[in-house]
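Student: Got a structure here, written out as structure tokens. Questions coming.
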Amino acid sequence: MAKLGEFELLVLLSILRNGKEPYANRVREELEEAADRSVTRGALYRTLERLRAKGHLEWEMEGSEIPERGGHPTRRLMVTDEGRQAVKRARDVLAVFFDGLDPVLDPKP
Amino acid sequence: MSSLPPPLLERLLAWAYRSDPSNASILGDLREDYATLAQVRGVARARRWYRREAVLLTAGRFLHHPILVSTGRTFMNESFLSALREDTVYALRSLRRSPGFALFTALVIGLGVGATTAVFSVLEPFVLAPLPFAGADELVWISNAPPQGATSQSAFTSRTSNLRDFRAQARSFEGITGYNAFFEQGAYSLTGDGEPERLVGVGVAHDFLDVLGVEPALGRGFTEEEGLWVGPPAVVLSHGFWVRRFGSDPDLVGGAITLNDTPFTVAGVLPASFDFSSIFTPGVPVDFLLTFAVSDETDRWGNTMFFIGRLRPGATATSAQSELDAIIVGLEEAQPDRWGLGARVTPLRDKISAPFSSALALLGAAAATLLLIVCVNVTNLLLARSPGRAREVAVRKAFGAPRGRVVRQLMVETLVISLGGAAVGAVLAWIAVRLVSGAAGLAIPFIDHLSLNGSALLFATAVAVVTGLLVGLIPALQVADGGEAGVLRAGGRGAGTSRGARRLREGLVVAEVGLACVMLVVGGLLIRSFQAVTAIDLGFESDQAVAWQLNPSVDFETQQMRADFYRALTARVADVPGVQEVGLIDALPLGRERTWGAQLPELVGSDAQGFSIFPHMIDSGYLEAMGIPIVAGRGFLPEDGLGNEEVMLINESGALRMFGDVDVVGRSLRAGWGEERRIIGVVADIRHSSPEMEAGNQAYFHFAQVPDYSTLDMVVRASAPLDRVTQAVSAALAEIDPSMPRRESWTLASTVDTVLSPRRFTLRILGAYGIVALLLAGLGIYGVLTQSVAERKPEIGIRMALGASGSDVLRSVMGRTLALTTAGIAIGAVMSLAGSRLLSSMLYGTSPTDPVAFVTMAVILLLVASAAGGIPALQASRIRGIRALRSE
């Protein structure tokens, strides 16, 4: 069972959140804005490849209406069942470790 | 449509990801973000971003390539990378031991890289970069089909009825649009807030921006209603003008500006990426677009427009041409008396680059030749260094270094040097590009937007790497092959002394001299042409003359009032101290021109072909102010005005061509739409279109009798210093009409200068390249002979000891120099003869085989070669026999 890295987890979550537009560009935008980290394209594309190799992710090519793309297709990203399981496991592990830590992380003044 | 990312980088990415099934989507992602960024942060920022992403993606692709990383058996595996690192460190260390050599070689490579990169930057917009239009490859230029030999603009433009009928009938196009080519004649004064200003507006068909696929940066394009003959007046401002005059005020859109006392709605602002003038009218700045009606009214004006069409998918320029040909045949059958029908379809890109293609090809060829000379030179430098390296290599090989490793190490060394050369070259190219784009008056498309961009830097690096690989290989192989134990025993005399090695170096010098000879001959031919062009008698005196364009703010009710105004104005200017003569014309020479038809009255109504004439409206002072002599009869007098007999002047060549005689005073001519006019004088020819073009049939009319002009140019001949007179005249003009917009005055000398600028531009670049080539050739000769003298020292010593004199030795070394140079010149001359035919379209008054150019260049080369070979020859002649042998 392949484990998820932090960035991989964020990518999978972002794809799941962008249910209507599960595209690489939307994912990258969300990661940059919400997670406030700069994401190079090389890192993102490699992560996508890696997630696919682990069986967490699939995609199919889809024509795009966006004129700026100049007719280039886009990848519709889909998290597999296996990917969903991996995300859930990661959440459960995190939940266990976060449990009871609130007073430590946000000490009341 | 927004701009596209740099095509070269996109191609690089497509190549790097060619085996990835998702590559198209990756390119699409990048395009999408590029467009967003370009819109939000500007194109420059977006290009920088794209460059970084492209480099990172490409590098990342290779560094993480599964084959490279995992199998370990391929070219660029981990151990290779670490070995490469080692080699680089070793190379840097060995170069630090001979910094002079490293620096000098990098400098020489930098010259070649700089020269090619600078030319690449000029060529890139023509060849590689897309035009700033969506689907630019579908756009075609449709001009009229001019009669054989016609050169004037009116022969190439077309009537608006042609546009109407082509639009209605042609199926090859998604749309056809056009602009009024004679826009300069409509000058607009902007009044209202701030200084009044004279502006240039171009009339376009209302769908101009739609067909080109240009999306305004702000606001909208023209509506169909605005395109009607008396439609609501509207303008679309050029980006530059909007920024300069209105401080990029976005609220201006939708408001109005006052042009020639008429309020015009500001419909929109063009995007910065689309500069009308840099594409269609290089050298003539355009401030705004307005509509030009496609209607019966404008059709009566004759040939006015250039058309641009967008091809339907599947149609080509050729298929569109055949369709238009068929349509024209149909129209001619239906309307036998219709005139001015014709169409010639060319891809828009070709049309834009065509006038410059020979000059640009020449620059490209010159840069490539220079690079070749650089390669030969550096190879020679490396070969000269080989003997010194042979010992070191022999030691390494003795310790078991495989041959491949030694070659690679030497190549890495050369590559390190050539990357240094890339840096030098980039700096040189940057300087060159700055100089070129700053040069005023260069009428070359895109020149205002020239910059050393990412593609150019990539190009510079690629050139340097390829150069490094090319020049490093032969020396590296030679050194690596140098005998092992033999070299060690021979006490440092290594591979370099062999007869073969010397032959190779001498052969390279001969090649270098030959190439330099070609460059010099080409430069010489261009210099001769330039001399011939500057020696042309233009027919008017350009010194001590200043001009203004007059655009009075007054609305004249009658032609008499207009004529009186100008008469009073010239009278006032003539009183300014220092003003010798003052004259008026609708358009000064070497500027714009138009043509009219003309017929001899006795042939009117017959089938005889008419003539075409260049009409000029002048006042009575013009000919004298310009220094144009009257050959027969008289010029205009102040009395020849409105209400008097309709008269005209023609030039000598025109008289000969139309009447077969110069003595035509008293005869008549029917010109344009006007009545028959009596010819009262014959004036000398002037070169009106360009210095290189013979005078056409020129006709001069009195401006009061033929008021067919919208503005007049005033020319002042000064007897006092020009700047003082210019100031005084400007002040006088302000007195007469305070709100007349005044763009600065210009001198006639500067006009002539601008016309010569493209020639001077090529000449300067080629001149600089030629000098570099000459220096490199001299350097090559010096290097090879110094080396060979050093190697032959013992031999020379023995000869001297046996009784040879210093001058014998001097003669022998100089003989070698001259033999090498002559061989080079011979080869170069043959190559030049073959190549200079390609040059003939750029030559004027000079034959491509001009003996003066060939002989002068050969002499210069021989002189430089003698100087270069003289130093080692003198050194050789001073060798003292015994001492030379002892030093061995």
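Student: Taking the Cα centre of the protein assembly as shown as the origin and placing charges on Cβ (Lys, Arg +1; Asp, Glu -1), which of B:Ser612, B:Thr318, B:Pro6 is farthest toward the positive end of the dipole?
Tutor: B:Pro6
Student: Something else about it: Taking the Cα atoms of the range B:145-342, report the difference between the largest and smallest coordinate on each principal axis, in whole Å and largest first.
Tutor: Here the spans come out as 55, 33, 31 Å, largest first.
Student: Using alpha carbons only, how many degrees (0 to 90, rounded to 10) separate the axis of helix B:806-836 from the longest principal axis of chain B?
Tutor: Roughly 40 degrees between the two axes.
Student: Calculated FRET efficiency, B:Asp564 and B:Phe104, Cβ-Cβ r, R0 56 Å, to nearest 0.05?
Tutor: The pair B:Asp564/B:Phe104 has a calculated efficiency of 0.15.
Student: How are the alpha carbon pair distances in the range A:6-100 distributed across 5 Å bins from zero to the largest one, expressed in percent?
Tutor: Values per bin, smallest distances first: 2, 13, 22, 23, 20, 11, 4, 2, 1, 1, 0.
Student: Once the Cα atoms of helix B:23-41 and of chain B are each reduced to a long axis, what angle between those two axes, in degrees from 0 to 90 to the nearest 10, is obtained?
Tutor: Between helix and principal axis, roughly 60 degrees.
Student: Please report, in debye to the nearest 20, how large the charge dipole of the range B:145-342 is about its Cα centre when each Lys and Arg carries +1 at its beta carbon and each Asp and Glu carries -1 there.
Tutor: Once rounded to the nearest 20, the dipole reads 380 debye.
Student: Helix-derived [θ] at 222 nm for chain B: sum -39500 (n - 2.57) over DSSP H runs of at least 4, divide by residue count, nearest 500?
Tutor: After summing the helix terms and dividing by the residues of chain B, the value is -18000 deg cm²/dmol.
Student: Let me ask you something else. What is the antiparallel percent of DSSP beta bridges lying wholly in the range B:145-342, to the nearest 5?
Tutor: Taking every DSSP beta bridge within the range B:145-342, about 75 percent pair in antiparallel fashion.
Student: What's the average, rounded to a whole number, of partner chain beta-carbon atoms within 10 Å of each residue's beta-carbon in A:32-44?
Tutor: 2
Student: Given R₀ = 51 Å, FRET efficiency for B:Ala819-B:Thr346 by Cβ-Cβ distance, to 0.05?
Tutor: It comes to 0.50.
Student: What is the antiparallel percent of DSSP beta bridges lying wholly in the protein assembly as shown, to the nearest 5?
Tutor: Values: 67 of 85 bridges.
If we restrict to bridges inside the protein assembly as shown, about 80 percent are antiparallel.
Student: Oh, and also: Roughly how many debye, to the nearest 20, is the charge dipole of the range B:134-259 about its Cα centre, given +1 on each Lys and Arg Cβ, -1 on each Asp and Glu Cβ, and no other charges?
Tutor: It works out to roughly 420 debye.
Student: Output the Cα-based Rg and Dmax of chain B in Å, rounding Rg to one decimal and Dmax to a whole number.
Tutor: Cα-based Rg and Dmax for chain B come out at 34.1, 107 Å.
Student: Then there is this: Taking the mean number of other Cβ atoms within 10 Å as a proxy for protection, how do you rank B:716-722, B:235-241, B:14-20, B:331-337 from highest to lowest?
Tutor: Highest-to-lowest ranking by the protection proxy: B:235-241, B:716-722, B:14-20, B:331-337.
Student: Check each of the GluC sites (Glu not before Pro) in the range B:512-610 and keep only those in coil by DSSP with at most 13 other C-beta atoms within 10 angstrom; list them in order.
Tutor: Answer by residue number: B:Glu557.
Student: Could you check what % of the DSSP bridge pairs in chain B are antiparallel, to the nearest 5?
Tutor: In chain B, approximately 75 percent of DSSP beta bridges are antiparallel ones.
Student: If you don't mind, there's one more thing I want to ask. Mind checking which lysines have their Cα closer than 20 Å to the Cα of A:Lys88? Skip sequence neighbours fewer than 8 apart in that chain.
Tutor: Filter leaves A:Lys3, A:Lys54.
Student: Between 0 and 90 degrees, rounded to the nearest ten: what's the tilt of helix A:24-34 against the longest Cα principal axis of chain A?
Tutor: 30
Student: Just to confirm the filter: which chymotrypsin sites (Phe, Trp or Tyr not before Pro) across the range B:621-730 are DSSP coil and have at most 15 other Cβ within 10 angstrom of their Cβ?
Tutor: Sites meeting the loop and neighbour criteria: B:Trp673.
Student: Go through the range B:190-252 and name the GluC sites (Glu not before Pro) that are in a DSSP coil and have 14 or fewer other Cβ atoms within 10 Å of their Cβ.
Tutor: Taking the range B:190-252 and a limit of 14 other Cβ atoms within 10 Å, the loop GluC sites (Glu not before Pro) found are B:Glu224.
Student: Mind pulling up the Rg/Rh value for the protein assembly as shown? Radius of gyration and Kirkwood radius, both on Cα. Write out the running numbers ahead of the final one.
Tutor: Values: Rg = 36.3 Å, Rh = 34.4 Å.
A ratio of 1.06.
Student: Next up: Which whole number in µm²/s is D for the range B:552-740 by Stokes-Einstein, with the Kirkwood Rh taken over Cα pairs at 10 °C and 1.306 mPa s?
Tutor: Estimated via Stokes-Einstein, D reaches 91 µm²/s.
Student: Which order do the peptides B:646-655, B:518-527 take when ranked by the mean count of other beta-carbon atoms within 10 Å per residue, highest first?
Tutor: Descending mean neighbour count gives B:518-527, B:646-655.
Student: While we're on this one: By how many nm would the segment from B:Arg312 to B:Arg41 lengthen if fully extended, with 0.36 nm per residue of separation less the alpha-carbon distance?
Tutor: This chain segment gains 94.2 nm when fully extended.
Student: Please check chain A for the longest run free of trypsin sites (Lys or Arg not before Pro) that are loop-located per DSSP (anything but H, G, I, E, B) and have at most 13 other Cβ atoms within 10 Å.
Tutor: On the way: sites that count: A:Lys3, A:Lys20, A:Arg37.
The longest such stretch corresponds to A:38-109.
Student: Please compute the average number of Cβ atoms from other chains found within 10 Å of each residue's Cβ in peptide A:69-77.
Tutor: 6
Values quoted throughout were computed directly from the atomic coordinates according to the rules given, and no laboratory measurement underlies them. Please read all numbers here as calculations on a predicted model, not as lab measurements. With ideal geometry, Cβ positions are generated from the backbone for all residues, glycine too; neighbour counts draw on all protein chains shown.
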